[in-house]
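**Q** Take a look at this one; I'll ask things after.
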């Protein structure tokens, strides 16, 4: 690897945020192949996890909030649902950041899965409280699986910027 890149906000926050929004829009196309639709992974989840692991920041929670509000508007859900779920995931990853430091990729993937599961369970409970009925567990499980498969994107972002700020080594 050629070394870490400088930690400029537009590089580690802005560009990945635009990419996650574009991927969400791309996967939101109502395309069916053999009667099956594309999965709807939570692309911003990879960013919420990576940003918490890379370093504490004032801007990252605002980026997570904006992406969550975008998901709510794009999918037509209750406003604030994905924003709070992504912030819960970000907060959980930020709280466990010291335990994740120096761990290998498999352990980080397990942490990513745990934070994703926490956010999805929170979303399940919030939807259940809002609609006064239980959402389907099978679609949620598929969405969870589609989201944890995105971990390599999170790892790539971590690899690019983890050592960029010497204050947080």
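The values are calculated or read from the model by the stated rules, or taken from the named source; none is laboratory data. Keep in mind it's a predicted model, so treat the numbers as computed, not measured. Quick reminder, even Gly has a Cβ in these numbers, built from the backbone with ideal geometry, and neighbours come from all protein chains shown.
**Q** All but one of (1) over 24 Å from residue 113 (Cβ atoms); (2) in contact (Cβ under 8 Å) with a residue 24 or more places away in the chain; (3) more than 13 Å from the chain's Cα centre (by Cα) hold for residue 34; state the number of the condition that does not hold.
**A** Every condition holds for residue 34 apart from (2).
**Q** Ok, one more. Within 19 Å of residue 143 (Cα to Cα), exposed (fewer than 12 other Cβ atoms within 10 Å of the Cβ) and at pLDDT below 95: does that describe residue 28? Before you say what the answer is, go through the steps one by one.
**A** Working: within 19 Å of residue 143 (Cα to Cα): yes; exposed (fewer than 12 other Cβ atoms within 10 Å of the Cβ): no; at pLDDT below 95: yes.
No: the conditions fail for residue 28.
**Q** Please work out which residue is surrounded by the fewest Cβ atoms within 10 Å (Cβ to Cβ), limiting yourself to region 100-132 and to residues that are outside any helix (DSSP H, G or I) and in contact with a helix residue (DSSP H, G or I) (Cβ under 9 Å, 6 or more places away or on another chain). Walk me through it before giving the result.
**A** So the first thing to find is which residues in region 100-132 are outside any helix (DSSP H, G or I), and the list is 101-104, 132.
Next cut, in contact with a helix residue (DSSP H, G or I) (Cβ under 9 Å, 6 or more places away or on another chain) only: 101, 103.
Numbers: 101: 11, 103: 13.
So, considering only residues that are outside any helix (DSSP H, G or I) and in contact with a helix residue (DSSP H, G or I) (Cβ under 9 Å, 6 or more places away or on another chain), the one surrounded by the fewest Cβ atoms within 10 Å (Cβ to Cβ) is 101.
**Q** Go through (1) surrounded by 13 or more Cβ atoms within 10 Å (Cβ to Cβ); (2) modelled with pLDDT of 90 or more; (3) closer than 24 Å to residue 56 by Cα and name the single condition residue 160 misses.
**A** Answer for residue 160: the failing condition is (2).
**Q** Related question: If you go through region 15-39, how many residues are touching a helix residue (DSSP H, G or I) at 6+ places or on another chain (Cβ under 6 Å) and not in a helix (DSSP H, G or I)?
**A** Adding up the residues that qualify gives 2.
**Q** Answer yes or no as to whether residue 103 is modelled with pLDDT of 90 or more, within 21 Å of residue 160 (Cβ to Cβ) and more than 12 Å from the chain's Cα centre (by Cα). Before you say what the answer is, go through the steps one by one.
**A** Numbers: modelled with pLDDT of 90 or more: no; within 21 Å of residue 160 (Cβ to Cβ): yes; more than 12 Å from the chain's Cα centre (by Cα): yes.
No, not satisfied.
**Q** Scan region 44-77 for residues that are buried (at least 16 other Cβ atoms within 10 Å of the Cβ) and more than 23 Å from residue 22 (Cβ to Cβ) and report the count.
**A** Of the residues in region 44-77, 1 are buried (at least 16 other Cβ atoms within 10 Å of the Cβ) and more than 23 Å from residue 22 (Cβ to Cβ).
**Q** Could you check residue 81 against (1) surrounded by fewer than 18 Cβ atoms within 10 Å (Cβ to Cβ); (2) more than 25 Å from residue 155 (Cβ to Cβ); (3) touching a residue at least 24 places away in the same chain (Cβ under 8 Å) and say which number it fails?
**A** The single condition residue 81 does not satisfy is (1).
**Q** In region 136-159, is there at least one residue being more than 24 Å from residue 22 (Cα to Cα), without any contact (Cβ under 8 Å) to a residue 40 or more places away in the chain and either within 15 Å of the chain's Cα centre (by Cα) or in a helix (DSSP H, G or I) (or both)?
**A** We begin by selecting, within region 136-159, every residue more than 24 Å from residue 22 (Cα to Cα); these are 136-138.
From the residues that got through so far, the ones that are without any contact (Cβ under 8 Å) to a residue 40 or more places away in the chain too are 136-138.
The next check asks that each one be either within 15 Å of the chain's Cα centre (by Cα) or in a helix (DSSP H, G or I) (or both); those that pass are 137-138.
Checking region 136-159: at least one residue is more than 24 Å from residue 22 (Cα to Cα), without any contact (Cβ under 8 Å) to a residue 40 or more places away in the chain and either within 15 Å of the chain's Cα centre (by Cα) or in a helix (DSSP H, G or I) (or both).
**Q** Which residue is farthest from residue 102 (Cα to Cα), if the candidates are limited to region 49-60 and must be in a helix (DSSP H, G or I) and at pLDDT below 95? Before the answer, list the steps.
**A** The first filter runs over region 49-60 and keeps only residues in a helix (DSSP H, G or I), leaving 49-54, 59-60.
Within this subset, residues satisfying the condition of being at pLDDT below 95 are 50-54, 59-60.
Details: 50: 14, 51: 16, 52: 14, 53: 11, 54: 12, 59: 24, 60: 22 Å.
In this case the residue turns out to be 59.
**Q** Restricting attention to region 85-99, which residues are surrounded by fewer than 18 Cβ atoms within 10 Å (Cβ to Cβ) and assigned to a helix (DSSP H, G or I)?
**A** Of the residues in region 85-99, the ones surrounded by fewer than 18 Cβ atoms within 10 Å (Cβ to Cβ) are 91, 95-99.
Those that are surrounded by fewer than 18 Cβ atoms within 10 Å (Cβ to Cβ) and assigned to a helix (DSSP H, G or I): 91, 95, 97, 98, 99.
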